[in-house]
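Below you'll find the structure, written out as structure tokens, and then a few comments.
Each value in this text was obtained by applying a stated rule to the coordinates, not by laboratory testing. This one's a predicted model, so the numbers in the text were calculated from it and none came from an experiment. Note that each Cβ is placed from the backbone with ideal geometry, even for glycine, and that neighbours are counted across all protein chains shown.
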Amino acid sequence: MGALETTAVLPAAFAELHKQIGVELALDAHHGALRRAAQAAARSAAGGAVLVTCSDELQGELRGAFERDVARPICSGSIVGPRSILALSNMAGRLETGALELAQTHFNARSASGERVLVVELMAHCGALNAQGATRYGRVERGGVQFDCCGVLARVLEDGEEFDAVRHPWREQLRVYLGPERLAALRSFDPATRLLATAVIHALLQGESGVAEVLRTRSSGSTHVLIASGVVLNRASGDTVLPVAIHHLHARAGEVELVHGASLRSTPAALRFEHVGGRLQVRSDEGVESVSAQRVQAAHGELFTSHARALHSATDELARARAKLAKEHLASARRQVERLKQRPQAWRAYARPVLRGLMQSLGVVAPEFGLVAMLVQTGHDAARAQRLRKLLERGPTRAEARDALQQIEAELQQLGHRDAQEVLDLLLHERSPLLG
Ligand SMILES: [Zn+2]
């Protein structure tokens with residue numbers, strides 16, 4: 001269940017982490033497995049740790065445990081104890097863009113091997129209240145009064161006038177990433193599991209954002225990145241954790257390899273909750289269709305071809321230099337996709353973050369390429385397609401192209417895996433005009 005490849009070929013430490021996906025367990029059991037996997041990924045490498053959690057005071061137990069059981073041991077020898085974590089505590093626990101890039105520059109390789117390992121833990125959380133022999137998820141008791149937990153995610157699902165009157169940027173961001181279809185699906189869950197499902201999906205999407213960022217960032221040395229996402233269950237008897245995904249990436253010499261991973265699916269309707277021996281288990285049903293019902297249309301095929309050709313035949317020197325860089329990034333993404341296609345499960349799980357990583361890197365080196373690429377993806381949004389066409393016809397400035405691309409990039413998270421696969425295929429096939 002959930003594993004992207006057979007665990008038989010994995011080192012024992014990673015096989016253990018894979019088996020933990022979807023199974024509630026003690027925090028120290030999960031952190032122990034994560035620490036052993038980090039140590040196995042790169043022997044005697046220098047370490048660094050990133051923790052992304054909700055600001056909620058209930059996450060204090062997690063923060064202490066992560067520092068004690070993961071960050072300090074893997075950073076020992078290279079970093080003074082209390083300085084071992086790059087920490088993001090914000091509403092719901094969102095990975096802010098640029099944080100992993102920053103972490104890669106902060107945690108320098110100081111080992112003789114020149115290798116380093118970066119452990120990134122992204123944890124959503126969810127209350128779990130026992131009442132009359134059943135567990136009610138999404139609630140905690142404080143001073144005899146019951147509250148929603150995670151209170152932030154509860155507010156993301158709500159509609160209310162205060163959100164129209166005062167801007168809540170975190171809420172806007174979370175709603176864009178979840179998208180209207182996932183939000184509607186989550187609202188339709190039974191109240192006893194609604195916030196649990198929301199926390200699982202949120203943690204999965206934050207993990208994908210981490211993968212996209214590592215794919216975009218070109219690392220100079222050899223860096224193993226382990227991204228673990230999960231949901232901390234805040235129980236009266238103490239916290240436990242439900243791991244939902246693990247990703248192992250290896251960046252070196254300008255390329256990033258998706259070594260392996262295991263993950264639940266980010267389609268709400270695919271989630272199945274059950275209890276085994278009093279512990280929660282979550283499976284994702286492989287048979288459920290992906291979240292997005294909107295299929296990609298190649299309606300702008302001719303336009304795509306002509307704009308892509310124009311980019312490659314630019315005569316001005318700067319534009320030619322950008323075209324060369326864009327070509328390198330596209331070729332690298334193409335190699336990435338070729339490798340993924342040999343592992344169908346991984347191809348499904350990673351199509352979306354690979355697409356996002358590609359769009360982000362095009363945004364940096366040659367945003368005009370990103371815009372043209374998006375012509376193949378806008379089939380279902382007529383108004384946006386129209387704006388995009390107009391912008392391309394008159395020739396956007398770099399700033400305009402970047403702005404447009406940033407808006408589109410956030411929406412890519414709403415694509416189902418098949419849509420993302422189709423977009424990548426349209427962009428990167430052997431004779432794609434985008435590759436020149
Ligand atoms: Zn929270």
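Evaluate the Debye formula for the chain with equal point scatterers sitting on the alpha carbons, no solvent, and hand back log10 of I(q)/I(0) at q = 0.06, 0.13 Å⁻¹, in q order, two decimals. Summing over Cα pairs of the chain leads to -0.25, -1.16. Highest mobility in the GNM of the chain, judged by mean-square fluctuation with C-alpha springs under 10 Å and restricted to Asp56, Asp316, Asp28, is found for Asp316. Relative contact order for the chain: 17 percent, from Cα pairs under 8 Å spaced at least 6 residues apart, divided by residue count.
About its Cα centre, segment 301-435 has a charge dipole of approximately 320 debye under the convention of +1 per Lys or Arg Cβ and -1 per Asp or Glu Cβ, with nothing else charged. How would segment 122-180 be classified by its alpha-carbon gyration tensor: rounded, prolate or oblate, with rounded meaning a/c under 1.5 and the a/b versus b/c comparison settling the rest? Here segment 122-180 falls in the prolate category.
What FRET efficiency would be calculated for the residue pair Gln173, Gln132, taking the C-beta separation as r and a Förster radius of 60 Å, to the nearest 0.05? Mind dumping the intermediate values first?
Details: r = 38 Å, r/R0 = 0.63.
Between Gln173 and Gln132 the formula returns 0.95.
Comparing Val176, Val119, Val276 in a Gaussian network model of the chain, where Cα atoms under 10 Å apart are tied by springs, the biggest mean-square fluctuation is seen for Val276.
Using the Karplus relation 6.51 cos²θ - 1.76 cosθ + 1.60 with θ = phi - 60°, the per-residue 3J(HN,Hα) values for segment 32-40 come to x, 5, 5, 5, 5, 5, 4, 5, 6 Hz, with x marking Gly and Pro. Look at Cys149, Cys75 and count the other Cβ atoms within 10 Å of each Cβ; fewest to most, that gives Cys75, Cys149. Charge tally for Pro191 (other residues, Cβ to Cβ under 11 Å; Lys, Arg +1; Asp, Glu -1): +2. Computed over the chain, the per-residue total of -39500 (n - 2.57) for DSSP H runs of n ≥ 4 gives a 222 nm mean residue ellipticity of -14500 deg cm²/dmol, rounded to 500. Placing +1 on the Cβ of every Lys and Arg and -1 on the Cβ of every Asp and Glu, with no other charges, gives the chain a dipole of roughly 880 debye about its Cα centre.
Over all other residues within a Cβ to Cβ distance under 10 Å of Gln413, the charged ones net out to 0, with Lys and Arg as +1 and Asp and Glu as -1.
Looking at the square roots a ≥ b ≥ c of the eigenvalues of the Cα gyration tensor of segment 12-87, which shape do they give, rounded for a/c under 1.5, prolate if a/b is larger than b/c, or oblate?
Oblate shape, in that a/c is at least 1.5 and b/c is the bigger or equal ratio.
Taking GluC sites (Glu not before Pro) in DSSP loop states with no more than 14 other Cβ atoms inside 10 Å as exposed sites, the chain has its longest site-free stretch at 290-429. Our summary gives segment 307-406 a relative contact order of 28 percent, counting only alpha carbon pairs under 8 angstrom and 6 or more residues apart. For segment 238-252, backbone phi angles converted through the Karplus equation (6.51, -1.76, 1.60; θ = phi - 60°) give residue-by-residue couplings of x, 6, 10, 9, 10, x, 10, 7, 9, 10, 10, 10, 10, 9, 7 Hz, Gly and Pro being listed as x. Result for the chain in a Gaussian network model with C-alpha springs under 10 Å: among Leu100, Leu183, Leu318, the largest mean-square fluctuation is at Leu318. Projecting the Cα atoms of Gly254, Met359, Ile74 onto the charge dipole of the chain, computed from C-beta unit charges around the Cα centre, puts Gly254 farthest toward the positive end. Simple point charges give the picture: +1 on the Cβ of Lys and Arg, -1 on the Cβ of Asp and Glu, and for segment 162-299 a dipole about the Cα centre of about 100 debye.
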